[in-house]
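A short write-up of the structure that comes next.
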Amino acid sequence: MKIGTNALTHATGKFHRPHFEKLAKELVALAEGRELIVVSSGAIALGVERLGLGARPKDIPGKQACAAVGQSRLMRAWEEALAPRVVAQVLLTHSDVQDRRRYLNARHALERLIAHDVVPVINENDTVSVDEIKFGDNDTLAGLVAGLVEADVLVILSDVDGLYDADPRTNPGARRIPLVERVTPAMLDAAGGSGSAVGTGGMATKLKAAARVTELGLRCVIAEGHRSGALTALFQGADLGTVFEPLASRRDARAAWIAHALKPKGTLVVDEGARVALVEKKKSLLPSGLREVKGEFAHGDPVDLRGPDGAPFARGLVAYGSDDLRRIAGKKSSQIEAVLGWRGMDEAVHRDDLVVLD
């Protein structure tokens with residue numbers, strides 16, 4: 001259950017305690033006989049309120065300070081509201097899922113908490129996060145966590161009651177879309193930015209989270225968090241929000257980790273022949289198909305692969321660092337040793353370390 005800042009606050013950005021307590025009671029009731037994980041926003045907003053600031057800071061140190069003040073207040077609110085269930089605080093940064101070992105450690109910790117009937121309350125570790133490691137929004141974090149624990153369903157609660165065919169804030173004729181079988185590029189292009197000064201996520205981030213979890217074979221729901229009783233009605237089958245159906249062809253765990261948990265450190269531009277070989281023939285990327293190397297990265301780092309049109313179509317783990325790849329770009333595999341003075345793999349990116357993106 002992902003609960004956004006806008007679902008926990010007034011329009012002014014201040015914490016809406018009566019609504020929060022009603023929502024928590026619904027969660028307690030729904031959690032009977034279910035395993036529940038909560039991804040909760042609100043720490044920075046609570047810090048802004050406690051420090052008496054007029055608005056959410058825009059700079060990273062300001063956000064870190066507000067998060068440090070607000071995080072303990074947020075956890076206390078959850079602990080009191082979810083009683084008698086035991087609550088555990090879990091703070092994550094992008095680097096916690098970037099490294100495969102730490103990814104698995106996080107998964108094992110969450111599985112053990114659930115086994116003890118504990119409700120993990122997860123938030124981004126805003127106090128130590130900087131631009132290079134922060135998720136940037138809790139929609140992204142919730143999508144990663146849902147995949148991490150192989151949840152049955154991810155519910156995203158916000159200030160909107162689902163996906164619309166137009167922006168309902170500016171178009172009175174906009175219609176809610178009750179069911180989505182697949183998130184398309186057109187949907188992502190039509191989605192706007194954040195609709196609030198106190199939240200960081202918008203519909204685009206929610207759609208990306210839905211695309212991630214449905215690709216893993218999980219169901220996702222975007223629903224309104226302000227309406228009292230909506231969550232209970234949703235689980236009783238009411239026509240509320242937007243339901244995203246799981247895709248029939250799901251990725252395995254490692255492919256999903258490469259595609260969604262990793263943050264690319266560079267870009268490889270390939271020719272059209274290499275793009276076709278990778279996408280249609282399921283081949284590895286050979287140095288001969290490599291046309292340009294952008295960024296600085298080491299062996300084993302994640303990179304995006306782009307075709308001649310500049311559009312990213314795959315992500316993978318490189319077999320050589322950026323400097324070496326620049327030297328062997330366009331060369332045959334048999335020439336690697338002559339160029340570098342040593343030879344590792346024949347491939348720039350092996351097929352087993354590559355995922356084609358939708």
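The values are calculated or read from the model by the stated rules, or taken from the named source; none is laboratory data. Not measured: the values here are computed from a predicted model. Using ideal geometry, Cβ is built from the backbone for each residue, glycine included, and neighbour counts are taken over all protein chains shown.
Here Asp271 meets each of (1) farther than 19 Å from Gly344 by Cβ; (2) out of contact with any Gly (no Cβ under 6 Å at 6 or more places or on another chain) with one exception, condition (2). Answer with yes or no whether Phe244 is crowded, with 22+ Cβ neighbours inside 10 Å, among the aromatic types (Phe, Trp, Tyr) and either closer than 22 Å to Ser41 by Cβ or modelled with pLDDT of 90 or more (or both). Against the criterion (crowded, with 22+ Cβ neighbours inside 10 Å, among the aromatic types (Phe, Trp, Tyr) and either closer than 22 Å to Ser41 by Cβ or modelled with pLDDT of 90 or more (or both)), Phe244 qualifies.
Do you know which residues across the stretch 18-33 are part of a loop (DSSP other than H, G, I, E, B) and not small (Gly, Ala, Ser)?
Result: Glu32, single match.
If you go through the stretch 256-265 and keep only what is farther than 15 Å from Ala146 by Cα and either in a helix (DSSP H, G or I) or touching a helix residue (DSSP H, G or I) at 6+ places or on another chain (Cβ under 7 Å) (or both), you end up with Ile258, Leu262, Lys263. For Asp252, indicate whether it is acidic (Asp, Glu) and closer than 27 Å to Asp99 by Cβ. So Asp252 fits the description; yes.
Of the helices (runs of 4 or more DSSP H) lying entirely inside the stretch 266-358, those containing at least 1 residues that are closer than 27 Å to Asp252 by Cβ and among the β-branched types (Val, Ile, Thr) span 272-279. Of all residues in the stretch 276-301, those satisfying the criterion of being out of contact with any strand residue (DSSP E or B) (no Cβ under 6 Å at 6 or more places or on another chain), touching a residue at least 12 places away in the same chain (Cβ under 8 Å), within 22 Å of Asp358 (Cα to Cα) and of a type outside the set (A, V, I, L, M) are Lys282, Lys283, Ser284, Asp301. Would you check which residues across the stretch 1-15 are over 17 Å from Asn123 (Cα atoms) and either crowded, with 17+ Cβ neighbours inside 10 Å or charged (D, E, K, R) (or both) and list them? Scanning the stretch 1-15 gives Gly13, Lys14. Of the residues making up the stretch 304-338, those that are of a type in the set (A, V, I, L, M, F, W, C) and surrounded by 15 or more Cβ atoms within 10 Å (Cβ to Cβ) are Leu305, Phe313, Ala314, Leu317, Val318, Ala319, Leu325, Ile328, Ala329, Ile336. Which residues, counting only those in the stretch 17-75, are over 24 Å from the mean Cα position of the chain (by Cα), among the small types (Gly, Ala, Ser) and at pLDDT 85 or above? The answer is Ala29, Gly33, Gly52. Taking every residue in the stretch 39-52 that is in the same structural domain as Ala151 (by TED's automatic domain parsing) and in contact (Cβ under 8 Å) with a residue 60 or more places away in the chain and pairing it with any residue that is in a strand (DSSP E or B) and of a type in the set (D, E, K, R), at least 6 positions away or on another chain, the pairs with Cβ-Cβ distances below 6 Å are Val39/Lys2.
Can you tell which of Arg343, Arg315, Arg306, Arg291 is within 24 Å of Ala209 (Cβ to Cβ), basic (Lys, Arg) and in contact with an Asp or Glu (Cβ under 7 Å, 6 or more places away or on another chain)?
Residue meeting the stated conditions: Arg315.
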